[in-house]
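Written out below as C-alpha cells is the structure these notes cover.
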Amino acid sequence: MSISFNEIKKLDQSDPISNFRNEFHFQKKDLLYLDGNSLGRLPKKTIHDLNSFITEEWGNQLVEGWENWINEAQVSGDLLAENVLGANSGEVLVCDTTSVNFFQICLAVVKAASNRKTIITDAANFPTDRYILEGIAKDFGLKLIIIDNEKTDVDEYERITPTILKPHLNEDVALVTFQVLQYRSGALNPVKEITELVREYGALTVWDASHAAGSVHLEFSKNEIDLAVGCTYKYLSSGPGSPAYLYVKKNLQEKLQVPIQGWFAQKDQFEMGPNFIKSPDIRGFQIASPSILGIRCVNVAIDMINRAGMKNVVLKAQEGTEVMIKLYDTYLKNLGFRLMTPRDKTKRGGHLSLMHDKARNISIALRKYENVIVDYRKPNQIRIAISPLAMSYSEVYFGMMKIKELTERKSYEKIKDFDGKKIY
Ligand SMILES: Cc1ncc(COP(=O)(O)O)c(C=O)c1O
C-alpha cells in the first residue's frame with residue numbers, strides 16, 4: 001500500500017509529540033538525519049544542564065559535591081527503570097559501558113552456575129557481545145553455542161524464537177543471551193517467551209536492550225526479565241560514550257557476584273575496610289565513581305521520554321517504520337532494495353534494514369551529495385530510523401525520497417573507494 005505526502009503531513013499535524021523536535025539542537029537545518037538508532041541528536045537542555053553542572057556544582061562545590069553525587073547511578077537508574085525500562089526502583093544502575101556491564105553480568109551468571117558449562121547466543125548478535133562471550137568461554141573452559149540466524153531466505157531474518165532456541169537447551173546451559181532488538185535487521189525478539197523457556201531449564205537470560213530502549217515497550221517487571229544491559233546514546237540521546245545501564249531483578253541481586261568487585265559495591269563504602277563485603281542490593285553491581293556529567297545527559301533524555309509518554313514514543317516508532325515500509329514498497333523495492341525487517345509492527349522497533357548490493361556506496365553518496373545520513377552495516381545493509389522525539393514523519397519522507405532519487409540516478413557509481421573512509 002502506498003502513502004502520499006499529504007497523508008504524511010497529516011500524521012505530523014496529529015502527532016501528539018511533534019513539539020519535542022524543538023527541544024533538540026539543529027546545526028544544519030537541511031540535514032536529514034535517519035541515523036538516530038546509532039547516535040541520537042543533542043537535546044538543548046543537555047547543553048544547559050552540563051554547563052550548569054560544571055560551573056555551579058563541580059566548579060563551586062568541589063569535593064563536597066560528592067555528598068549529592070555519590071548515589072546518582074542509582075537515582076538515574078530508578079528514573080530509567082520507571083520511565084523507560086518498566087523495572088522497579090532499586091533494579092537499575094546507570095553506569096559504565098554496555099560492554100563492561102555485559103561482561104560483568106554474564107560472568108556473574110556463569111560463576112553462579114559453576115556446574116553448567118554452556119553459553120548460548122546468536123550469530124547476528126552485536127560484535128562486542130559475541131567477542132566478550134568468546135573470551136569468557138575461552139577463559140573458563142565453556143562451550144559457546146552460536147545459533148546461525150543470518151540466513152536471508154527465511155521469513156523472519158535474524159529473529160530468535162523459542163522454537164529456534166529450544167533444541168539447543170539442556171541442563172548444561174548456564175547463560176543464554178540475545179539482543180532485545182537485533183541491531184542489524186531491527187527484528188524484535190520475544191523476550192518474555194524466551195526468558196520463560198530458558199528458566200525452565202534452570203538457566204538465566206541476559207538481554208542487550210541497546211536498540212530497544214526508547215523505541216519499544218520493555219516492561220522488564222511485567223515480562224519477568226532477569227537481567228539486561230544497554231546503552232543510552234541511541235534513542236535515549238545522551239551523547240557519544242554516555243553511560244550505559246544494567247538491570248538486575250531484585251531476587252537475583254544477593255546471589256550474583258560480578259567479577260570486578262570495586263569500592264562502590266562495598267557494603268559500607270566509606271568505612272574503607274580491609275576486605276570486600278558486597279552490598280546486598282543493586283549497589284553491589286556498581287564498580288566505581290560514576291560519570292556525573294554523563295548521568296546528567298541521561299537524565300535529560302529520561303525526562304523528555306517521561307513528558308512525552310513511552311506509549312506515544314512507541315506508537316510513533318511503529319507508525320514511522322510503517323510509513324517507511326509503505327515508501328519502500330512504492331519507491332525502493334523495484335530499485336534493488338530488499339526489506340529485512342519484520343512487517344508486523346509488534347516485531348520491530350524504530351529502524352528498518354534495507355539490503356542492496358550497493359548499500360555501502362549508496363550510504364556514502366547520500367552523505368556526500370544529498371545531506372542525508374543513513375547507517376551502513378556490512379556487507380550490504382542500510383539502516384534507516386525514526387527517532388520519535390527528534391524527528392517528524394516528513395523528515396522520514398524526504399530522506400527516503402532522496403534515497404530513491406539517488407539510486408535512480410545511480411549517483412553512487414561516482415563513489416569509488418572513498419579513500420577507504422570508515423562509515424560510522
Ligand atoms: C546492541 C549493542 N550492544 C553493545 C554495544 C556497545 O556499546 P558500548 O560501546 O557502550 O560498550 C552497541 C553499540 O552500538 C550495541 O549496539
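The values are calculated or read from the model by the stated rules, or taken from the named source; none is laboratory data. The model shown is predicted, which means the values in this text are computed figures rather than measured ones. Ideal geometry is used to build each Cβ from the backbone, glycine not excepted, and the neighbour counts take in all protein chains shown. These area figures cover heavy atoms from the full protein model, side chains too; ligands, DNA and RNA do not enter into them. Shrake-Rupley method; radii C 1.70, N 1.55, O 1.52, S 1.80 Å.
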Checklist line | Nearest-20 debye value, the chain charge dipole, Cβ charges on Lys, Arg, Asp, Glu | finding: 1400
Next item on the list: Subtract the Cα-Cα distance of Tyr424 and Glu405 from 0.36 nm times their separation in residues, and report this length gain in nm to one decimal.
Entry: 4.5 nm
Margin query: For a test of the definition: using alpha carbon positions, the gyration tensor, and the 1.5 limit on a/c, classify the chain as rounded, prolate or oblate.
Written below: oblate
Check: Using 13 Å as the cut-off for backbone N distance, which residues of region 1-39 belong to the label zone defined by a point 7 Å from the Cα of Lys333 along Cα→Cβ?
Finding: 1-3
Note to self: Which one, Lys249, Lys29, Lys278, has the greatest fluctuation when you compute a Gaussian network model over the chain with C-alpha springs under 10 angstrom?
What the structure shows: Lys29
Item checked: region 1-47 - charge dipole about Cα centre, Lys and Arg +1 at Cβ, Asp and Glu -1, debye rounded to 20 -> 220
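Could you please report the charge total around Arg377, scoring K, R as +1 and D, E as -1 over all other residues with beta-carbon less than 10 angstrom from its beta-carbon?
Numbers: positive: Arg184, Arg360, Lys378, Arg383; negative: Asp375.
Combined, the nearby Lys, Arg, Asp and Glu give +3.
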Notebook entry, point to check: What distance in nm separates the simple spin-label points at Tyr131 and His25, each placed 7 Å from Cα in the Cβ direction?
Noted result: 2.9
Next item on the list: Rank these residues by their accessible area, most exposed first, probe 1.4 Å: Asp172, Asp155, Asp129.
Entry: Asp155, Asp172, Asp129
Notebook entry, point to check: Considering the zone a paramagnetic label at Glu200 would reach in this model (a point 7 Å from Cα along the Cα-to-Cβ line), which residues of region 161-178 have amide N under 18 Å from it?
Noted result: 161-177
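Which value, in debye to the nearest 20, describes the size of the charge dipole of region 70-307 about its Cα centre when Lys and Arg Cβ atoms bear +1, Asp and Glu Cβ atoms bear -1, and nothing else is charged?
With Lys and Arg at +1 and Asp and Glu at -1, about 320 debye.
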Notebook entry, point to check: By Kyte-Doolittle mean hydropathy of at least 0.5 and Cα axial length of at least 18 Å, which whole DSSP H helices of the chain are selected?
Noted result: 98-112, 292-308
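In nm, what is the difference between 0.36 nm times the number of residues separating Glu7 and Glu57 and their Cα-Cα distance?
On the way: separation 50, 0.36 × 50 = 18.00 nm, distance 4.81 nm.
In short, 13.2 nm is gained.
For His217, His48, His356, what's the largest-to-smallest order of accessible area, 1.4 Å probe? Present the calculation step by step, with values, prior to reporting the outcome.
Numbers: His217 90, His48 115, His356 15 Å².
Greatest to least solvent exposure: His48, His217, His356.
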Check: Given a Förster radius of 22 Å and the C-beta distance between Ile70 and His48 as r, what FRET efficiency does 1/(1 + (r/R0)^6) yield to the nearest 0.05?
Finding: 0.40
Notebook entry, point to check: What spacing in nm lies between the two simple spin-label points modelled at Ser18 and Lys416, each 7 Å away from Cα in the Cβ direction?
Noted result: 4.6
Item checked: 222 nm mean residue ellipticity, helices alone, for the chain (DSSP H n ≥ 4; -39,500 (n - 2.57); rounded to 500) -> -9500 deg cm²/dmol
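Are there any GluC sites (Glu not before Pro) in region 98-204 that are in a DSSP loop and have at most 10 other Cβ atoms within 10 Å? List them by number.
Details: sites: Glu134, Glu150, Glu156, Glu158, Glu171, Glu193, Glu196, Glu200; in loops: Glu150, Glu156, Glu158, Glu171.
Taking region 98-204 and a limit of 10 other Cβ atoms within 10 Å, the loop GluC sites (Glu not before Pro) found are Glu171.
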Check: If you stretched the chain out fully between Asn115 and Thr161, how much longer would it get, using 0.36 nm times the residue separation minus the C-alpha to C-alpha distance?
Finding: 13.9 nm
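First check a/c for region 136-268, with a ≥ b ≥ c the square roots of the eigenvalues of its C-alpha gyration tensor; if it is under 1.5, answer rounded, and if not, answer prolate when a/b is larger than b/c or oblate otherwise. Mind showing how you got there, number by number?
Values: a/c = 1.65, a/b = 1.16, b/c = 1.43.
Oblate is the answer for region 136-268, as a/c is 1.5 or above yet b/c matches or exceeds a/b.
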Check: Out of Gln269, Cys231, Ile194, whose Cα points farthest toward the positive end of the dipole of region 70-307 (charges: +1 Lys, Arg; -1 Asp, Glu; placed on Cβ)?
Finding: Gln269
Next item on the list: Heavy atoms only, probe 1.4 angstrom, no DNA, RNA or ligands counted: give me Trp66, Trp58, Trp207 ranked by accessible area, highest first.
Entry: Trp58, Trp66, Trp207
Next item on the list: Could you tell me whether region 126-183 comes out rounded, prolate or oblate from its Cα gyration tensor? Rule is a ≥ b ≥ c as square roots of the eigenvalues, rounded for a/c under 1.5, then prolate if a/b exceeds b/c, otherwise oblate.
Entry: oblate
Item checked: Residue of Gly262, Gly399, Gly349 that the Gaussian network model of the chain assigns the largest fluctuation, springs spanning Cα pairs under 10 Å -> Gly262
Item checked: Estimated distance in nm for a label pair at Phe270 and Ala123, the labels positioned 7 Å out from Cα along Cα-to-Cβ -> 5.4
